[in-house]
Each structure stands twice: as structure tokens, then as C-alpha cells.
Amino acid sequence: MKTIIISLGVLMCSFFNVFAQKNKDLSFDNLYFFVQAGHIDDYRTFILGGAYLQMEHHYFRLSAGGGYDPKSEEQKQRHKSCSSECKCNVDVRGISTVNVEYGKIYKFFRRQQISFSSGFSIVTKTDPDVIFNQNKEPWEDEKFKKRTTVGLPYELRYSLMINRGIGIGCSYYGNMNARKSFNALSVGLALGLF
């Protein structure tokens with residue numbers, strides 16, 4: 001009987017040791033670089049990228065992104081191809097943002113995470129200068145106006161962590177500001193540094 005109890009004890013210790021090692025290996029604390037692309041209302045194309053530091057159930061993120069109008073991008077390319085020696089900067093309609101955020105992470109089913117974040121952002125909106133463009137001469141290029149404000153970014157993100165260095169996910173990102181509040185849906189990839 002004594003031998004059976006000792007044998008069961010040794011088996012249980014090895015089982016708990018393996019279980020503890022599996023949970024220890026599933027820590028996703030790391031410095032991640034990420035990029036995500038998707039759809040933004042009124043601009044069609046949305047790209048967001050940056051870095052975030054994940055520590056247990058918290059993360060801090062620095063990112064930059066923007067929404068662009070494909071028609072304006074075509075105009076920019078046409079201008080560059082017509083005057084190849086022109087070194088001028090051609091503005092196009094769009095919206096861009098630089099964000100500093102803090103978020104909380106909730107882990108479930110071992111490799112999956114849901115996170116919520118918010119913070120502070122600087123938002124720049126570029127629009128056609130309607131008054132100038134209505135009165136411009138035919139040979140003059142369209143003019144655009146840039147206006148900057150502060151905003152409140154927020155994000156709800158789902159991530160599937162393949163391992164400590166790679167994660168894929170999708171997110172609902174938004175920004176409330178005085179120029180143009182917007183929402184975006186995107187999919188992305190995160191790569192860990194360590």
C-alpha cells in the first residue's frame with residue numbers, strides 16, 4: 001500500500017509540474033510591433049501601425065494611422081507622373097492620427113485575448129479648400145486645408161496568439177474628436193521582439 005501511495009504521489013507531482021510548465025510557457029508578455037488594415041467610414045482605406053508593451057493584464061501602446069480616399073491618391077500619383085521633376089508635396093483628402101493608449105487584456109481559452117484600450121490622440125484632417133477650388137483658374141492645382149485637433153481613441157480587439165512572438169487579430173477602432181469622429185474595422189498582425 002505504501003508503494004502505491006508513493007507511486008501515485010510521484011505521478012501527481014510530475015503531472016502538476018508539466019501543467020505548471022504549460023501555463024508558464026503561455027505568458028504573452030512582450031514588446032510587439034503591429035500593423036492592421038481595414039475599412040474606415042467615409043475614407044474606405046484604413047491603416048494603423050505601431051508598438052505596444054504587454055505586461056500581464058495591461059498594455060501600453062504608441063501608434064499612428066490614417067484613412068485615405070482612393071480618388072485623392074490617384075490624383076497624387078497623376079500629379080507625380082505628369083511632372084517628374086516636381087519635388088512639391090501634394091496633399092490629398094484624408095485623416096491621420098497619432099495615439100498614446102493604455103489597455104486591459106482578458107485572456108481565455110489559453111491563447112485568445114480580448115483587450116480594451118483608450119488614451120489620447122492628435123488628429124489631422126485634410127480636406128479640399130472649397131472656396132479656393134471654386135474660384136481657381138483652370139491651370140491651378142486644387143488646394144487642401146489641414147486642421148489639427150486632439151481626440152479620444154478607443155479600441156476593442158480580439159487576438160489569437162500563435163506563440164509568444166506572433167499574434168493575429170481583428171479590432172474595432174474609433175476616435176472621438178472635434179474635426180471628424182470615425183470608426184474602423186480592421187485585421188492585423190503582431191510580431192513580438194523577444
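Here are a few things to note about the model shown:
- One decimal place: the segment R164-F60 gains 35.7 nm when fully extended, by the rule 0.36 nm per residue minus the C-alpha distance.
- Cβ crowding within 10 Å averaged over residues, with 105-115, 169-179 ranked highest first: 169-179, 105-115
- Residue ranges 40-46, 160-166, 63-69 sort as 63-69, 40-46, 160-166 when ordered by packing (mean number of other C-beta atoms within 10 Å per residue, highest first).
- Alpha carbon convex hull of segment 122-194, projected area averaged over orientations, nm²: 7.6 nm²
All of the numbers you see were taken from the coordinates with simple rules; none came from a lab. In this text, all values refer to a predicted model and were calculated from it rather than measured experimentally. With ideal geometry, Cβ positions are generated from the backbone for all residues, glycine too; neighbour counts draw on all protein chains shown.
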